[in-house]
Amino acid sequence: SRAPNHTWLIDLTTIPTGGGFWTPWLPFALSQCWPFCWWVVVVLDHFSRKVIAAGLFAKQPNALELCTVLDHAVRKAGRPPKYTITDQGPQFREEYDDWCSWHDVEPRFGALGRHGSIAVIERFMRTMKQEFLRRILVPYRRDDMAGALASFTTWYNEHRPHGHLHGATPDEIYRGVRPACEGPRFEPRPDYPCRRRKWHNLRAKKGTPLALAITYVDGNPNLPIVELRAAA
């Protein structure tokens, strides 16, 4: 990808609820639908790794429902991508091709049955599950589940440093601003030479004592925001 919104990655996954899937074999296997699991559709910007949009469904969404999520992503981004990359699931057929043609998008597909062909968004799904959803009791109520996904998306986009992005957040890369958050910079070393024009937003004197502050997105202890602030 050359810039934000150049290529979008699209994928679906299942999220077991509090009861979870029972066993993977018949006749004890449970249906892959609510109340046993949720279906989540994710649209991810390849360049910045930012979550553009996410859709929540009680059962496996069809192509029209998928396209509704894509329309929402286009409204949020302000434009469609040049390319999309997906697997070859049943949602990505005629209706999806029509959506791509209407928005002048060139669809591309991962190799059928080949692990890693859409590795970037698969890695995001793993992060979402390991760092958040497997640490909470997944809600049964739709509003609660939608709220949990929104909180994670905010944390992932705005506050979680990304290894591939060399410690930047997806929002910083997507917006082309680093740091994305606005605030003062502090210099704790009293004898460090510091030119004013370089540290144009330095708000405190050199040698400022700092304190570690940890807050949480929407009060969720699994979504920490770690900051250094001037000690009181």
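The values are calculated or read from the model by the stated rules, or taken from the named source; none is laboratory data. Since this is a predicted model, take the numbers as computed values, not measurements. Every residue, glycine among them, receives a Cβ derived from its backbone with ideal geometry; neighbour counts consider all protein chains shown. The area values use the complete protein model at the heavy-atom level, side chains included, leaving out ligands, DNA and RNA. Shrake-Rupley method; radii C 1.70, N 1.55, O 1.52, S 1.80 Å.
Worth a mention:
- Condition met for T208 (open to solvent by less than 60 Å² (accessible area, probe 1.4 Å), touching a Pro at 6+ places or on another chain (Cβ under 8 Å) and modelled with pLDDT of 90 or more): no
- The combined condition, being touching a helix residue (DSSP H, G or I) at 6+ places or on another chain (Cβ under 7 Å), in a strand (DSSP E or B) and open to solvent by less than 10 Å² (accessible area, probe 1.4 Å), is fulfilled by L44.
- The set of residues in the stretch 47-85 that are over 28 Å from Y140 (Cα atoms), touching a Lys or Arg at 6+ places or on another chain (Cβ under 8 Å) and open to solvent by less than 40 Å² (accessible area, probe 1.4 Å) comprises Y83, T84.
Condition check ((1) out of contact with any strand residue (DSSP E or B) (no Cβ under 9 Å at 6 or more places or on another chain); (2) modelled with pLDDT under 95; (3) more than 21 Å from P224 (Cβ to Cβ)) across all residues:
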residue	(1), (2), (3)
L137	yes, yes, no
R142	no, no, yes
A150	no, no, no
P161	yes, yes, no
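- When the stretch 86-100 is filtered for residues that are crowded, with 20+ Cβ neighbours inside 10 Å and more than 16 Å from G110 (Cβ to Cβ), only W99 remains.
- Of everything in the stretch 127-159 that is touching a residue at least 12 places away in the same chain (Cβ under 8 Å) and in a loop (DSSP other than H, G, I, E, B), the residue that is surrounded by the fewest Cβ atoms within 10 Å (Cβ to Cβ) is L137.
- Check on F28, of a type in the set (F, W, Y), at pLDDT below 85 and more than 17 Å from M145 (Cα to Cα): yes
- Selection count where residues are of a type in the set (K, R), at pLDDT 70 or above and farther than 29 Å from N157 by Cβ, scope the stretch 176-205: 1
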